Amino acid sequence: MTKSVMLSAIQPTNVPTLGTYIGALKNWVKLQDQYDCIFFAVDLHSITVRQDPVKLRELTYHAIATYLACGIDPEKSTLFIQSHVPQHAELAWVLTCYAYMGELNRMTQFKDKSAKQGANIPAGLFTYPVLMAADILLYQTKLVPVGGDQKQHVELTRDLAERMNSLYGGDLFTMPEPYIPKIGGRVMSLQNPTAKMSKSDTDASATVYLDDSDDSIRKKFKRAVTDSGTEIAYDETQKPGVSNLIAIQSALTGQTPEQIVASYVGKQYGHLKVETAEIVVQAISPIRTQVEHRMKDRAELEKILRRGAERAQAQAEKTLKKVYDRIGFAPR
Ligand code: TYM
């Protein structure tokens with residue numbers, strides 16, 4: 001029996017964060033045996049905001065090394081770099097012709113990111129979700145494990161799939177579903193617990209990066225902004241800072257927030273911070289060591305990526321051919 005396709009990706013614009021790990025990577029690893037998996041680094045998406053070329057290249061390898069370090073098995077999963085599979089850009093153009101300005105205008109990530117750009121907003125920032133839809137639809141993907149911030153983009157992908165299927169035949173694209181963890185779908189900033197932990201935060205103490213040293217992780221949690229009062233309770237509205245720490249613990253240990261709260265009766269915020277830091281150190285420290293190891297063997301990474309790109313191209317080409325045929329392009 002053939003397995004359904006699970007697909008996800010990360011922008012190599014910085015080192016992945018604890019949010020990336022809990023919201024996405026951890027679930028990739030958890031589900032990898034049940035699906036035919038496709039994971040890649042989206043360098044095409046990354047240039048929607050200016051990048052330093054040397055850093056972008058290095059971070060692209062770093063992303064793939066992180067997938068491997070977290071436990072993605074390159075024998076089972078297809079790993080590659082988005083720009084190595086030209087079908088992504090080709091399908092993105094086709095879908096751009098079927099996406100509506102109005103629906104792209106409603107994307108909250110576009111609103112947030114374009115607000116930071118001033119007068120000259122790159123058009124790519126606007127069409128970004130269409131490229132993401134192409135990423136997903138090219139492989140007849142069933143499941144897309146992502147954090148909550150990507151839900152709207154997956155919904156747009158579903159709208160585009162439905163539109164194309166009703167125009168050109170219901171079997172053109174598989175309808176993808178997002179997979180978003182209930183706890184940890186939105187890991188919050190350690191400095192501003194009402195905002196998402198982001199890899200582009202200018203305040204380094206707000207974000208835990210997967211290459212942070214154990215000491216640096218401990219310091220960041222020690223300085224984490226908590227809430228007024230002293231009681232340790234799980235209430236995202238009243239106690240966003242404390243609840244964020246509880247959610248991080250819950251995602252990493254598998255205990256429910258209620259169990260965690262029960263274990264802190266009579267204890268103080270300080271205890272919660274120190275113990276959350278230790279749980280995070282235990283989760284991240286082996287990943288950091290593995291990434292360092294993987295980054296030293298560029299030849300091996302390149303071998304995995306070449307093989308991945310070949311496999312991905314073969315799969316992607318099948319869908320692209322079908323699309324070109326249905327929309328009326330003359331055969332190549
Ligand atoms: P990116 O690179 O911003 O984030 C990578 C993944 O990590 C999740 N994530 C979080 N989850 C919980 N809490 C957080 N604080 C947090 N920060 C990041 C994101 O939701 C994401 O799953 N557009 C995508 C990349 C992409 C993609 C795709 C994903 C391109 N094509 C196709 C899935 C399928 C992005 O910018 O992710």
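The values are calculated or read from the model by the stated rules, or taken from the named source; none is laboratory data. What you are looking at is a predicted structure, and each value in this text was computed from that prediction instead of being measured. Note: ideal-geometry Cβ built from the backbone for every residue, glycine included; neighbour counts use all protein chains shown. Areas reflect the complete protein model, heavy atoms only, side chains present, ligands, DNA and RNA absent. Shrake-Rupley method; radii C 1.70, N 1.55, O 1.52, S 1.80 Å.
Tell me, yes or no, whether region 202-221 has at least one residue that is part of a loop (DSSP other than H, G, I, E, B), in contact (Cβ under 8 Å) with a residue 40 or more places away in the chain, within 11 Å of the ligand (Cβ to nearest atom) and among the hydroxyl-bearing types (Ser, Thr, Tyr).
Yes; the residues of region 202-221 include at least one that is part of a loop (DSSP other than H, G, I, E, B), in contact (Cβ under 8 Å) with a residue 40 or more places away in the chain, within 11 Å of the ligand (Cβ to nearest atom) and among the hydroxyl-bearing types (Ser, Thr, Tyr).
Considering only region 202-218, I want to know if a residue exists there that is among the aromatic types (Phe, Trp, Tyr), under 30 Å from residue 138 (Cα atoms) and open to solvent by less than 70 Å² (accessible area, probe 1.4 Å).
no
Would you mind stating whether residue 174 is exposed (fewer than 14 other Cβ atoms within 10 Å of the Cβ), modelled with pLDDT of 95 or more and either of a type in the set (Val, Ile, Thr) or touching a strand residue (DSSP E or B) at 6+ places or on another chain (Cβ under 9 Å) (or both)?
Criteria not met by residue 174.
Hey, any hits in region 109-128 for a residue that's crowded, with 21+ Cβ neighbours inside 10 Å and modelled with pLDDT of 95 or more?
yes
I'm told residue 103 meets every condition in (1) out of contact with any Ser or Thr (no Cβ under 6 Å at 6 or more places or on another chain); (2) under 30 Å from residue 287 (Cβ atoms); (3) open to solvent by less than 30 Å² (accessible area, probe 1.4 Å) except one. Can you identify the failing condition by its number?
The one condition residue 103 does not meet is (2).
The rows are residues; the columns are (1) touching a Ser or Thr at 6+ places or on another chain (Cβ under 7 Å); (2) hydroxyl-bearing (Ser, Thr, Tyr); (3) not assigned by TED's automatic domain parsing to the domain that holds residue 116.
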position	(1), (2), (3)
15	no, no, no
18	no, no, no
23	no, no, no
35	yes, yes, no
39	yes, no, no
51	yes, no, no
60	no, yes, no
70	no, no, no
82	no, no, no
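Quick one: which of 194, 226 is outside the structural domain of residue 22 (by TED's automatic domain parsing), on the phi < 0 side of the Ramachandran plot and out of contact with any Gly (no Cβ under 6 Å at 6 or more places or on another chain)?
Only one candidate passes the filter, namely 194.
Among the residues of region 165-175, is there at least one that is within 19 Å of the chain's Cα centre (by Cα) and not aliphatic (A, V, I, L, M)?
No, every residue in region 165-175 fails to be within 19 Å of the chain's Cα centre (by Cα) and not aliphatic (A, V, I, L, M).
Is one or more of the residues making up region 179-201 closer than 18 Å to residue 91 by Cα and open to solvent by 50 Å² or more (accessible area, probe 1.4 Å)?
No: region 179-201 contains no residue that is closer than 18 Å to residue 91 by Cα and open to solvent by 50 Å² or more (accessible area, probe 1.4 Å).
Quick one: which of 103, 90, 75, 58 is closer than 16 Å to residue 137 by Cα and at pLDDT 95 or above?
90
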